[in-house]
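Encoded as structure tokens, the structure appears first; notes follow it.
The values are calculated or read from the model by the stated rules, or taken from the named source; none is laboratory data. Since this is a predicted model, take the numbers as computed values, not measurements. Backbone-built Cβ (ideal geometry, glycine too); neighbour counts: all protein chains shown. Just so you know, the surface numbers come from the protein's heavy atoms only, side chains and all, with ligands and any DNA or RNA stripped out. Shrake-Rupley method; radii C 1.70, N 1.55, O 1.52, S 1.80 Å.
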Amino acid sequence: MYSVICTQFINCAIIFCCKVKIYIYFFFFMGKKELKLCYHCAVHCFYGLSHPLSGFLLQLHSNSDKGDGSVEYILTGEGAGTIFVINEVTGDIHATKSLDRERKTHYVLHAQALDRNTKMALEPESEFIIKVQDINDNAPKFPDGPFVALVPEMSEVGTSVLQVTATDADDPTYGNSARIVYSILQGQPYFSVDPKTGIIRTALANMDREAREHYTVVIQAKDMAGQVGGLSGSTTINITLTDVNDNPPKFPQKNYQLYVPESAQVGKPVGKIKANDEDLGVNADIKYSIINSEGANMFSISTDRDTREGIISLKKPLNYERKKTYTLHIEGMNTHVDPRFSYLGSFKDTATLKITVGDVDEAPVFSMDPYIMDVYENAPSGTEVGAVTAQDPDSRNSPVRYFLDSEEEGERFFRIDESSGVIWTTQPLDREDMPWHNITVMASEVDNPSLLSHVPVTVQVLDVNDNPPEIATEEEVIVCESSRPGQVIQTITAVDKDDFANGQRFFFALPSQLPVNPNFTLKDNEDSTASIIARRRRFNHLIQELYELPIVVWDGGEPSLSGTSTLTLRVCPCQRHGRIRMCQGEAFLSSAGLSTGALIAILLCIVILLAIVVLFITLRQNKKEPLIISEEDIRENVVTYDDEGGGEEDTEAFDIIALRNPAAAEELKFRRDVRPEVRQHCGPPRSCRSPSVELDEVDVHEFIKQKLVEADLDTSVPPYDSLQTYAYEGQGSPTGSISPLDSPGTHSEQDYNYLDDWGPEFQKLAELYGEAESEMTT
């Protein structure tokens, strides 16, 4: 059995070391026992005093230990040999290092007594659990500090700003080591903190951002519930007051002055004014306006968004001679007003701006803009058209010089007196050529020619009766062959280039100096039109197709002018029904809206297109596609014929017998499947003749012509050209033909041994045929 011995303190079961309180659980082989702490040890631990035994924890003693050193004590487990060591002879256990509960809360050790000589266990192994008990050795900390917070200015007392939280590493379940209380060290009387929750609130009303914007608050967190001896930690909170619209705009001064020259351009800025606002952002946006009519009629004001200035612009031209000063009442007002601060007053301010108009040397001013003048056409050169007038608007009234713009075309027709401004013509004008002329007159001071003013002048050319009238129509008048005496052929009218204010009036008559026209007469309808009337019956276009009728036309101008026009009348047969009075040939053209020349051109185009189509079709029919597309593309070309032949039995195209025996050709033509029974046994050389020699001799050319005609008339053949080649050797060979075409059979049955007797010239041929026969026999 083990026993625990405390050498100095009877009731002590454990020794304290370096601010660490340790529970020891001793497990005997019969059970576990918890040893309590003595008051003396607890006092030494609490105040951090070193124990008198200097790290000694306890002593293990076995009943088998007689004190002779035969027993060996060993210690294993967590921290054995490093944190906890045991004396092998005495069993004393010492702590070599300080223990920290926040790092490890307990240790499990195993102790055993062995026989030093045999190393046999004298006692069963026992387990020790050393539990480290917490003391207040960790101060509270703010892991997220320092902090930044925002709160609107002018906030009410008690407005929440921010909540801070501190943490303590000590054991919250043991005593007050981890019980934290918050307090404010810096930031009073503006802010306060809740001691339990750490919520920071405003403590002072109406804090003004414009007076002070930034605040620094220091919060302390103390454990042991704030008691004396507790540990503490602190953090800093930087609090910024955000802006609200609690300040109205204000002009730095109430009266301003501005000088503006009278030459300032309309729509351009002439000055600036600015009201100050202590607020920020949209709370400082200002809208400017001119609130008096005198200033609003001549000037306008707008706001520059970047600088928040009021930009004053000119609405109308200034004239120093008419008005020298203007007074503007300008108002600046916030655009975003917070109703919570309406009790502070109206968020606007006014100022007075006095504008002084400066006198400058101005260009001459014309009395009218623009000028409109008129002159009769054909007026002689030097005719006065009108006059322009300009004067110096300045007080000194300098003399003015006039001239025309040289870049305009009107300078060719007009000139101006540089002193009086009178405009004259330089040549007669023609209204029919140009009824209106636009010129530009410029004026400058004699003392300062650089100052120019311009004015447009429009000159209207008035009409005079200088153009005789003409017949309106230029087309031929159609006269029907069936016209009767007194029948109206056509009604005509006239045109005149001149302009008549009350409308054009024309009179018509036949020339009085010519004899009476037996065919036609003219009737004036007294409405500026006239009717051509037939005087006889029955016109014939075959006898006379065209007639000419001269007509005299007078206008109603002063003086009256006349002109003679000759009309051409064409006689043609007309349609008998209806009132259509036009030629039948012309009716088609008229109904289609085409002239004779246009119709001929269309027909010619159609004929050309048809000829092209016919030519194209003819070329396509006569065109033969080459077997090889390109001479350069000489490769292994495969030429495909879409023609299915009769196989090996189709020998008609190559049967030379048909050429030499036309009578037998007809029979062979219908019996292509029958092989001719032709056998011939030859004896010595030159004694055997080819069968073709024995056939009746015929004219081969006539036979080919006959076959050509039959092929052309045969409708059952495919629609393409066919080329048949006949290799005709002729007649008279004493040895006969060696061509296989002469043989009606597919395999030769002759004996070619006689070729050996023909000499060395036919030796090779005899060998070839001999080999061929041996192969066929085999």
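When the residues of the stretch 441-451 are filtered to those that are free of Cβ contacts under 8 Å to residues at least 60 places away in the same chain and farther than 16 Å from ASP417 by Cβ, the one that is surrounded by the most Cβ atoms within 10 Å (Cβ to Cβ) is ASP447.
Elements of the type strands (runs of 3 or more DSSP E) sitting completely within the stretch 333-446 and holding at least 1 residues that are assigned by the TED database to the domain that holds TYR288 and at negative phi: these cover 348-358. Taking the criterion of being of a type in the set (A, V, I, L, M, F, W, C) and touching a helix residue (DSSP H, G or I) at 6+ places or on another chain (Cβ under 8 Å), the only residue of the stretch 116-153 that qualifies is ILE135. If you check GLU411, GLU362 for being farther than 29 Å from ASP498 by Cβ, charged (D, E, K, R) and either without any contact (Cβ under 8 Å) to a residue 24 or more places away in the chain or open to solvent by 20 Å² or more (accessible area, probe 1.4 Å) (or both), only one passes: GLU362.
Filtered by the rule that a residue be at pLDDT 85 or above and surrounded by 15 or more Cβ atoms within 10 Å (Cβ to Cβ), the stretch 91-105 gives GLY91, ASP92, ILE93, HIS94, ALA95. When we screen ASP246, ASP306 for residues that are open to solvent by 20 Å² or more (accessible area, probe 1.4 Å) and in a loop (DSSP other than H, G, I, E, B), the only hit is ASP306. Please name all residue pairs, on different chains or six or more residues apart, with Cβ atoms under 8 Å, provided the first residue is in the stretch 212-240 and is under 12 Å from ASP168 (Cα atoms) and the second residue is part of a helix (DSSP H, G or I) and at pLDDT below 95. Cβ pairs passing all conditions: GLY230/MET224; LEU231/MET224.
Scanning the stretch 316-346 for residues that are open to solvent by 40 Å² or more (accessible area, probe 1.4 Å), within 26 Å of ASN276 (Cα to Cα) and either of a type outside the set (Ser, Thr, Tyr) or touching a strand residue (DSSP E or B) at 6+ places or on another chain (Cβ under 7 Å) (or both) gives THR327, HIS329, MET333, THR335, HIS336, VAL337, PRO339, ARG340, LEU344.
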